[in-house]
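Colleague: The structure that follows is given in the form of structure tokens.
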Amino acid sequence: MSKSGEMRFPMYLGGEWVSGDGESREVRNPATGEKIGTIPLGGAAEVDRAVRTAGAVAPGLARMTAFERAELCGRLADAVAARREELARTLSAEHGKPLHSEALGEVDACVGAFRESGEQIKWMTSRVIPMRDPTKRAFALRRPRGVYGVITPWNFPLGVACIYYLGPGLAAGNALVWVPPPSTSAVASELMACVEAAELPRGAINLVIGEGAVVGDALVTHPGTNAVGFTGSTGTGHKVATRAAGKPLLLELGGNGPSIVLEDADVEAAASAVAGGSFANAGQICTSTERIIAHEAVADELAERLVGLASGVRLGDPLDAATTMGPVHTADGARKIVEQVEEARSMGAAVLAGGGTLAGMPTGQFVQPTVVDRVAPESRLNKDETFGPVAPIVRFSELSQLPSLVASSPYGLSGAIFSRDTERAFALAEEMPCGIVNINEASSYWEPQTPAGGASGSLSGVGRSGGTWSIEEMSEVRTVVLNAVERPGLG
């Protein structure tokens, strides 16, 4: 906080708080429009300082034992837990997600991520490889990559950063340079207070705040950045991949996988799962239930139940304990959602619930929970990543239609199948081009010890995140061959 009383959220470079001498940006609450404080906008100089500092500490982290790094993760988990309420309130105010039903849970997930990463690294073993030459011994050792550049999205400002990258990356022995989106950099800055309290080695985790096109680009192209992790839109992800060419990449990009409701599904259970997948976090989840492909035999009942569930969503003040859904994060996002719903309506779809923003609210970002039936496969609501609280239903009557309907959107991150015939559902799941396929569960269901990532050939990224999968992605195998010429034996 400055002497004027205004909240300032600085960068954290090499264990030091840095506000920089350049421009700053206001942080505003998407629910009220009120100013929360200001963030500095760093540039290439701050990135260079962070990368160089990380490069200096990286060898020491790599030399630590797995148990020593696990202790660092444990201390960081304790520090986050001690600031649970403070972090959650900033997260709710800056992002717009409800404090009680979502923000506190996201902070708890961060605590779990650091604790679990610390435990997982202790049990990840190296391998001894059999050799044809009896005098040789070969070892495959898992080693950190070094300086890992991380760029994260705004939908889960703390959760994605900690679960996908910071926890596993620290456990693996990397030094990290983190660039969050400007619109959720205040809570990222507050997380660095936890890093400071945990007394990590200076430079182990660094925070650079700024516009992605400036600091993100400087980070991925910096010669001292050894590897890059990015979660965000497909368009930006492709730019990151191009600019970071030649470096190891972990990319989780856009999602719009299908949720298929077959004619023998438990419709009540399917509707409940679909509604949760569509409306949680105001639909701003990469694995959200963004398109539903329902059989004609159950589509009417499914639509009716979804309308009822939408009516039970409490859209309002994120700080109110009764609120279950807050505003979408950006005004541009709200406009895009409404535009896509209107386009679907113009193409013959029926808007059964919602469809616009809630009148009388402090901002125009309170998008209503929306149910749209008879959506045309060629509409953007089906093909694109809407990233909002919309449950669009595309109908089919024959199984032979499914392949073309599934392929009508190029994303392959997460999907779902609802059917009482689990054998048939499992067979379909094996063929569905998604990194995750949940059976009789929402497409958004995920536990952090399971792998998440896009299917090959889709626009949803490369690599796998979650638990030991993240640790493996954020480390590399080093083969060491020993020429053991002498084999003395025991007798």
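The values are calculated or read from the model by the stated rules, or taken from the named source; none is laboratory data. Quick caveat: nothing in here was measured; it's all calculated off a predicted structure. Here Cβ is always computed from backbone atoms with ideal geometry, including for glycine, and neighbour counts include all displayed protein chains.
Colleague: Cβ contacts < 7 Å: first residue more than 14 Å from Gly255 (Cα to Cα), restricted to segment 414-437; second residue acidic (Asp, Glu) and assigned to a loop (DSSP other than H, G, I, E, B), any location; separation 6+ or different chain. Result?
Modeller: Ser419/Asp264; Arg420/Asp264; Arg420/Asp266; Asp421/Asp264
Colleague: Taking segment 395-443 as the region of interest, how many residues are in a loop (DSSP other than H, G, I, E, B), within 20 Å of the chain's Cα centre (by Cα) and of a type in the set (A, V, I, L, M, F, W, C)?
Modeller: Counting residues in segment 395-443 that are in a loop (DSSP other than H, G, I, E, B), within 20 Å of the chain's Cα centre (by Cα) and of a type in the set (A, V, I, L, M, F, W, C) gives 3.
Colleague: While we're here: Within segment 255-297, can you find the residues that are farther than 21 Å from Ala334 by Cβ and charged (D, E, K, R)?
Modeller: Glu263, Asp264, Asp266, Glu268, Glu296
Colleague: A follow-up question, please. Exactly one of (1) over 23 Å from Glu94 (Cα atoms); (2) among the polar types (S, T, N, Q); (3) touching a residue at least 40 places away in the same chain (Cβ under 8 Å) is unmet by Thr221. Its number?
Modeller: Result: Thr221 passes all but (3).
Colleague: Within segment 107-147, work out how many residues are of a type in the set (A, V, I, L, M, F, W, C) and within 30 Å of Glu85 (Cα to Cα).
Modeller: Going through segment 107-147, the residues of a type in the set (A, V, I, L, M, F, W, C) turn out to be 107, 109-111, 113-114, 121, 123-124, 128-129, 131, 138-141, 147.
From what is left, the residues that are within 30 Å of Glu85 (Cα to Cα) are 107, 109-111, 113-114, 121.
The qualifying residues number 7.
Colleague: For segment 245-283, which residues satisfy the criterion of being touching a residue at least 60 places away in the same chain (Cβ under 8 Å) and within 20 Å of Ser470 (Cα to Cα)?
Modeller: Pro248, Leu249, Leu250, Leu251, Glu252, Leu253, Gly254, Gly255
Colleague: Let me ask something else about it. Looking at segment 444-467, is at least one residue assigned by TED's automatic domain parsing to the domain that holds Ala62 and assigned to a helix (DSSP H, G or I)?
Modeller: Scanning segment 444-467, I find at least one residue that is assigned by TED's automatic domain parsing to the domain that holds Ala62 and assigned to a helix (DSSP H, G or I), so the answer is yes.
Colleague: Would you mind telling me which numbered condition in (1) in contact with a strand residue (DSSP E or B) (Cβ under 6 Å, 6 or more places away or on another chain); (2) within 13 Å of Ala50 (Cβ to Cβ); (3) of a type outside the set (Val, Ile, Thr) Ala186 fails?
Modeller: (2)
Colleague: Then there's this: Only one residue in Gly246, Gly224, Gly235, Gly229 is surrounded by 24 or more Cβ atoms within 10 Å (Cβ to Cβ), modelled with pLDDT of 95 or more and not assigned by TED's automatic domain parsing to the domain that holds Ala407, so which one is that? It would help to see each step written out before you state the result.
Modeller: Working: Gly246 fails: surrounded by 24 or more Cβ atoms within 10 Å (Cβ to Cβ); Gly224 fails: surrounded by 24 or more Cβ atoms within 10 Å (Cβ to Cβ); Gly235 fails: surrounded by 24 or more Cβ atoms within 10 Å (Cβ to Cβ).
Matching residue, one of Gly246, Gly224, Gly235, Gly229: Gly229.
Colleague: Now a separate question. Is it the case, given these coordinates, that Leu319 is under 25 Å from Phe418 (Cβ atoms), modelled with pLDDT of 95 or more and out of contact with any Gly (no Cβ under 8 Å at 6 or more places or on another chain)?
Modeller: Values: under 25 Å from Phe418 (Cβ atoms): no; modelled with pLDDT of 95 or more: yes; out of contact with any Gly (no Cβ under 8 Å at 6 or more places or on another chain): yes.
So Leu319 does not fit the description; no.
Colleague: I've got another one for you. Going residue by residue through segment 139-146, is there one that turns out to be surrounded by 21 or more Cβ atoms within 10 Å (Cβ to Cβ) and in contact (Cβ under 8 Å) with a residue 24 or more places away in the chain? Full working, then the answer.
Modeller: To start, the set of residues in segment 139-146 that are surrounded by 21 or more Cβ atoms within 10 Å (Cβ to Cβ) comprises 144-145.
Subsequent filtering for residues that are in contact (Cβ under 8 Å) with a residue 24 or more places away in the chain retains 144-145.
Yes - at least one qualifying residue is present in segment 139-146.
Colleague: Run down Val240, Val307, Val298 and say which single residue is under 30 Å from Asn174 (Cα atoms) and not in a loop (DSSP other than H, G, I, E, B).
Modeller: Sole residue among the options that is under 30 Å from Asn174 (Cα atoms) and not in a loop (DSSP other than H, G, I, E, B): Val240.
Colleague: If only one of Glu423, Glu472, Glu447 is at pLDDT 95 or above, out of contact with any strand residue (DSSP E or B) (no Cβ under 9 Å at 6 or more places or on another chain) and over 25 Å from Glu301 (Cβ atoms), which one is it? Show your work before the answer.
Modeller: Numbers: Glu423 fails: over 25 Å from Glu301 (Cβ atoms); Glu472 fails: out of contact with any strand residue (DSSP E or B) (no Cβ under 9 Å at 6 or more places or on another chain).
The conditions single out Glu447.
Colleague: Within segment 420-431, track down each residue that is surrounded by fewer than 20 Cβ atoms within 10 Å (Cβ to Cβ) and either among the small types (Gly, Ala, Ser) or in contact with a helix residue (DSSP H, G or I) (Cβ under 7 Å, 6 or more places away or on another chain) (or both).
Modeller: Within segment 420-431, Ala427, Ala429 qualify.
Colleague: Looking at segment 249-268, which of the residues that are among the aliphatic types (A, V, I, L, M) and closer than 21 Å to Val390 by Cβ is surrounded by the fewest Cβ atoms within 10 Å (Cβ to Cβ)? Talk me through it step by step, then tell me what you get.
Modeller: Step one: filter segment 249-268 for residues among the aliphatic types (A, V, I, L, M), giving 249-251, 253, 260-262, 265, 267.
Next cut, closer than 21 Å to Val390 by Cβ only: 253, 260-261, 265, 267.
Values: Leu253: 27, Ile260: 29, Val261: 29, Ala265: 24, Val267: 21.
Among them, the one singled out is Val267.
Colleague: Taking the stated definitions as given, is Gly246 out of contact with any helix residue (DSSP H, G or I) (no Cβ under 7 Å at 6 or more places or on another chain), outside any loop (DSSP other than H, G, I, E, B) and over 30 Å from Ala79 (Cα atoms)?
Modeller: No.
Colleague: If we scan segment 471-479, do we find a residue that is of a type outside the set (Phe, Trp, Tyr), surrounded by fewer than 21 Cβ atoms within 10 Å (Cβ to Cβ) and assigned to a loop (DSSP other than H, G, I, E, B)?
Modeller: Taking segment 471-479 first, the residues of a type outside the set (Phe, Trp, Tyr) are 471-479.
Now restrict to residues that are surrounded by fewer than 21 Cβ atoms within 10 Å (Cβ to Cβ): 472, 476-479.
Checking which are assigned to a loop (DSSP other than H, G, I, E, B) leaves us with none.
No, that holds for no residue.
Colleague: Scanning segment 377-387 for residues that are under 25 Å from Asp300 (Cβ atoms) and either without any contact (Cβ under 8 Å) to a residue 40 or more places away in the chain or surrounded by fewer than 24 Cβ atoms within 10 Å (Cβ to Cβ) (or both), which turns out nearest to the chain's Cα centre (by Cα)? Step through it out loud before you land on a result.
Modeller: Pass one, segment 377-387, residues under 25 Å from Asp300 (Cβ atoms): 377-383, 386.
Narrowing further to those that are either without any contact (Cβ under 8 Å) to a residue 40 or more places away in the chain or surrounded by fewer than 24 Cβ atoms within 10 Å (Cβ to Cβ) (or both): 377-380, 383.
Values: Pro377: 27, Glu378: 27, Ser379: 26, Arg380: 23, Lys383: 21 Å.
By that ranking, first place goes to Lys383.
Colleague: Go through (1) closer than 25 Å to Gly212 by Cβ; (2) of a type outside the set (Lys, Arg); (3) without any contact (Cβ under 8 Å) to a residue 60 or more places away in the chain; (4) not in a strand (DSSP E or B) for Phe114 and report which single condition fails.
Modeller: Failing condition for Phe114: (1).
Colleague: Continuing with the same structure: Being in contact with a Ser or Thr (Cβ under 6 Å, 6 or more places away or on another chain) and assigned to a loop (DSSP other than H, G, I, E, B) is the filter; apply it to segment 341-376 and report the residue that is surrounded by the fewest Cβ atoms within 10 Å (Cβ to Cβ).
Modeller: The qualifying residue surrounded by the fewest Cβ atoms within 10 Å (Cβ to Cβ) is Pro362.
Colleague: So is Leu166 in a loop (DSSP other than H, G, I, E, B), touching a residue at least 40 places away in the same chain (Cβ under 8 Å), more than 19 Å from Thr234 (Cα to Cα) and not polar (S, T, N, Q) or not?
Modeller: It is false that Leu166 is in a loop (DSSP other than H, G, I, E, B), touching a residue at least 40 places away in the same chain (Cβ under 8 Å), more than 19 Å from Thr234 (Cα to Cα) and not polar (S, T, N, Q).
Colleague: Among the residues of segment 19-55, which ones are farther than 18 Å from Gly212 by Cα and in contact with a strand residue (DSSP E or B) (Cβ under 8 Å, 6 or more places away or on another chain)?
Modeller: Listed by number, the residues that qualify are Arg28, Asn29, Glu34, Lys35, Ile36, Gly37, Thr53, Ala54, Gly55.
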